[in-house]
1. Looking only at the range A:526-575, count how many residues are at pLDDT below 75 and part of a strand (DSSP E or B).
2. Are any residues in the range B:81-114 over 24 Å from B:Thr200 (Cβ atoms) and in a helix (DSSP H, G or I), and if so, which ones?
3. For the condition within 24 Å of A:Ala504 (Cβ to Cβ) and away from ligand 1 (no atom under 16 Å from the Cβ), what is the one hit in B:Glu71, B:Glu38, B:Glu108?
4. Need the failing condition index for B:Gln82 against (1) in contact with a Gly (Cβ under 6 Å, 6 or more places away or on another chain); (2) within 11 Å of chain A (Cβ to nearest Cβ), just the number.
5. List pairs: first in the range B:44-67 and within 7 Å of ligand 1 (Cβ to nearest atom), second among the basic types (Lys, Arg) and in a loop (DSSP other than H, G, I, E, B), Cβ under 7 Å, 6+ apart or cross-chain?
6. Does the range B:186-200 contain at least one residue that is of a type in the set (Phe, Trp, Tyr) and closer than 24 Å to B:Lys126 by Cβ?
7. From the list A:Leu760, A:Leu790, A:Leu780, pick out the single residue that is within 14 Å of another protein chain (Cβ to nearest Cβ) and either farther than 16 Å from B:Ile60 by Cβ or modelled with pLDDT of 90 or more (or both).
8. Looking only at the range A:112-146, how many residues end up being in contact with a helix residue (DSSP H, G or I) (Cβ under 7 Å, 6 or more places away or on another chain) and crowded, with 21+ Cβ neighbours inside 10 Å?
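The values are calculated or read from the model by the stated rules, or taken from the named source; none is laboratory data. No experiment lies behind these values; they were computed from the predicted model shown. Reconstructed Cβ throughout: ideal geometry from the backbone, glycine too, with neighbour counts over all protein chains shown.
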Amino acid sequence: MKLMKIIVKGQKKAIIIEYTVILLLLIITSFSFSFYLSEYHDEWSNLVLSSEDPDFEVQIEQNFSCYLSNNALYSNHFNNYNYQNIVILPNILANIKIKNESIQVFNLVLINSQINDNSNYSLTYNEVIVQGDNLVNVKINDVSVDWNFPAVNGNITTVFIANETYFEPVFSPTTYLQAKQGLYGINVIITEAFFFKVVRDTGSSVLENVAAHEITIVNSFFRMNKTVYFNLLPNLLKENYGEWTKELRGNYFQFYDIFPLNSEIQITISFNDIFNVSMTKMFQKMNSLLVRTLFIVIVISSVFLYSAFAYLKQNQKEFGKIMQILNSRGGNYSSISKRLISLHIWNTTICILVSLLANFVFITIMKINDWSYSQLLISIVHIVAFIPIIAIQINSISEIGLRPIFKEEKKKLSYSKSEILSIIIQIVSVMLGLLAITVFWTINRTSLQSENLSSSSIWYISVSFCLFILLLFIIPRFLMHPIERLFRRLLEFFTPIHLYLTKALVSAFKSKKKLLTLSFFLLFFSSLLTSSYTTLRNHQSQFYESMELADISIITEASTITEIIPICSRDNCIVSYLDSTFTDKGYINVIYIEDPIKFYENAYFPDELFNEFSNRDVFNLLNLSSNNVITSSSLANSVGYKIGENISIPRTNTNLNVEYNIKELIDFAVFLPYFFPQEFSEWFLLKYDKNESNSTKFQYSIVSIMDKNNNINSLISYLDENNLWYSIISDDYYEYPNETLVAALQLPVLLMNIAIPFMLIIIFIDLQRACNNNLRFLKLRGMKNSLSRLTFTSWLFIFIFSISFTSLIIAIFGLNTIVYITNTKYGLPVQLSLTGLNYLIQVVALIFSIFVPLIASLIPKIFRKKPQVLNPILEGEVKNE
Amino acid sequence: MSKKKQKIVRIIDLVHVYKGKVETIALPGINLTISKGERVVIRGKSGIGKSTLLHCLAGILKPTAGKILVESKNIVDFNEDQLAEYRRNTVGLVYQSYNLAPFLTVKENIEFPMIIAKVEKETIDKRVEELVEILEIERYLNQKPSYLSGGEQQRVAIAVALANKPRIVLADEPTGNLDVENSLMVYELLSQMCIVYNTTLITVSHDPEAVKYADREIILTKIKSKDL
Ligand SMILES: Nc1ncnc2c1ncn2[C@@H]1O[C@H](COP(=O)(O)OP(=O)(O)OP(=O)(O)O)[C@@H](O)[C@H]1O
Ligand SMILES: [Mg+2]
């Protein structure tokens, strides 16, 4: 205990400084991220929680008799969705008189219980609300509403007259209604329940007599319950939204397919744009904020750490002397170092606890403590920060330089006990961190949006990441040994004193261990940054090139395709058809391409994108037979299929019977999401067989036009003029998702490639000095100067060659893991791409290593430590005397 | 100072000027002759140029002017390779400190001059054994010099200097930081070894005791500098 007291006393200053540094580091890092998080949280909750717009909107135009016969089934079918329904009935069904004046132009509006219950004024049976622009002076008694048919039990009482703004919150989603309101001015609102009670009482035939062929418009608004997704990643919400809409859409088609009668029905579907426009905008904003946050955190913490620990090191050196005395007076070496290490670990633990506490207070103040991501991120920040902290502590402990001072040369291990202990601590902490992250990831695969990753690939990623970390931290330590052996072997051919020369150089290099590690990491980071940059640049250009596949895609009703094709001239467009269909495994989109080979010719395919077939193979297969269905394995998996499996696709034949065609699934590229819109992301490609064309009826056709300028305007104006239904599904110019990253990387890569060579040359000159200092002893005993110069240059060359290419390989290995992870998310896989730029720093380093002596002599004398170099041999002597 | 003896070193008008911010005339024109097998001690005030003289003699400093004839060859005119050859075979150096390679063991330090001179392995082993025995440093053969005491290090340095049977041994304050007892032992050893191997010994020292182990004492003074 006495020993501990002495250590604490001696280390007091160091501990306080260390404590402050670690705490500030942790707090700066985690607070910056918390700020980022709270910003993110605000944006996100604004987007998700406060959105008034319905997420899925269907407008069905049909005649009144259809509506009457379908309605009960319709409400049964969509019961589970809790939708809001606004129906515009033919106004011929009712009469309205205001101040005894009969009104001809008005909307007869039915609202379902969803709207009724949510409005401030809930209607009960036989009650009506009259709403309009100019009803300010009208009193309830002035208004009377009657059925235009003999109603058995349906006297209508006007209960409320609303000015235009009253129902706005209720009707706001209905752009349709607002438009009509402007036209007709007055809405007569009754409940569905009331209306259908009247229908039941009087008999539907009575109503049909009045308005059988009048148009009835049903607007259904579906809202997804997004609050349950609040704690999920945005992409997952987007994906779930996709699933949800697909299911709904499927339900609609299923519903209306049951009634072939209803072929007159026109269905319009629209989606909430928060899942495209707003979300993309938010991501862009948040990404650039993240890059800025990261930059600030890295810069601040590294500058801060560096200066603080320079001081600490000094302090530790002094303490080292005290310890040495203590040691020589009988203090046990191992007990001192054990206590020192436990002291520092204790210190770190306190810091982490304090920082965690501070953070939880902070996120509570920022009101984001209920958000699971804030807790997750802060925990990760602490785990990640733990590693450099441990490294720094070990560094400062080793600075104390406790060494047993026995006279006899001990069989000297290359590592002292505390160093080995620290390496073990480092490795174990990295392993534990990784294990925790992997387990967490595997368990929370759904909420982290990585279902398509199998557990094995998660473990693959973790293990290779772990391997990468190990390689990165272990290799520099053990690189010296093989280089030394290789060098000695080489030297053996030239000189008998190879052993002595190697020893001189190795010992000089060992004395500059920190510089060597630094240069290794400099080379590593510049390799990593540069190769990430070139890879991303390559991916970026592939992304934009594959987007040029088709500037714009228009989805129309399949029947209109014959009218459209002449307008956009067949050569310039790709025609495909889309069927949303139920299979034995569920709901899928099947896209039929008319002319796959033409499609191929117009398409840009990045190399090697196809897993099993070349791109031409795939389209040849498609072109030759219609027995294959093409998809990508991940897409197939998400619907429950496997590649190679048979898929039975139902088609309705001319007799309106369902037939099943059996096709084999083959694997295919992943580029198509750029061509087909996100909404159809679970697609299967089939060749469109022209012979079949008469017997099949598709739901939609997709016209993709290569050249926006030429045809699109005439096509759209044609569609508009003829009142043909169409929807533009992919005219968005998608920005490359990593655009900000690429932009942010540009400058660092440039700076690194300029700055690092300078740093390297300074390091090399220092190494040269250390080596000369050692070689001097050999020269004193008659070694030739030329030999000394030659061996130094070749040693440095071999050394730099080894570390620069090892660092390059490790960097590429690490990047590969990152690429593997990103590839599970992107449609267009990232491919590692190395250009001349990637080898630049290595080549420069090698050139420098050859010319160090020359460069050193060129550097102005002022920068040199000694004013006069008399003779290379004396160099060390002069310094020492 | 018997004239019968063969002259091994002749220094003629040796001048050395250090050129820095301030020019320092370290050697103002020295003339000196040393016979073969002679043991000479050079003394003089601090800063008078003793070390400079020795460096010139060892061929690690090129004098500004003058000649140094060693065995009738002017080493001032030697090129790098010839100088290396000269240091390898003709002279052995003992300095006050820093003259053992810290990265080599004691044994390697002693072996090195012979290995570079391409002496046969057996001869090397024999010679190491011999030197080690005389100098009583067997115990430390496989240790690094930094683990040895000053006196021990100096004894090793003597072994290194003598390893190649040089014809001249140059010692620059070989006992600088040793106590009296150890200093005497070093001088004793040095001079005895030189007698045994018939080596010329040129020692620089402030220590008056050193004279006892020398045949001749040379005192450098600054008088001549005025003439320049
Ligand atoms: N590298 C150098 N550059 C410039 N001047 C030097 C250098 N080395 C020595 N001198 C100067 O040359 C003169 C002679 O130095 P030298 O080292 O030969 O003296 P010394 O006689 O060995 O002294 P001491 O007895 O203190 O060792 C001194 O005045 C010294 O300042
Ligand atoms: Mg001196």
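1. 4
2. Start the filter on the range B:81-114 by keeping residues that are over 24 Å from B:Thr200 (Cβ atoms), which leaves B:101-108.
Matches in the range B:81-114: B:Val106, B:Lys107, B:Glu108.
3. Values: B:Glu71 fails: within 24 Å of A:Ala504 (Cβ to Cβ); B:Glu38 fails: within 24 Å of A:Ala504 (Cβ to Cβ).
Unique residue meeting the criteria: B:Glu108.
4. (1)
5. Qualifying pairs under 7 Å: B:Ile48/B:Lys222.
6. Residues of the range B:186-200 of a type in the set (Phe, Trp, Tyr): B:187, B:197.
Right, trim to closer than 24 Å to B:Lys126 by Cβ and you get B:197.
Yes - at least one qualifying residue is present in the range B:186-200.
7. Values: A:Leu760 fails: within 14 Å of another protein chain (Cβ to nearest Cβ); A:Leu780 fails: either farther than 16 Å from B:Ile60 by Cβ or modelled with pLDDT of 90 or more (or both).
Just a single option satisfies the conditions, and that option is A:Leu790.
8. Adding up the residues that qualify gives 2.
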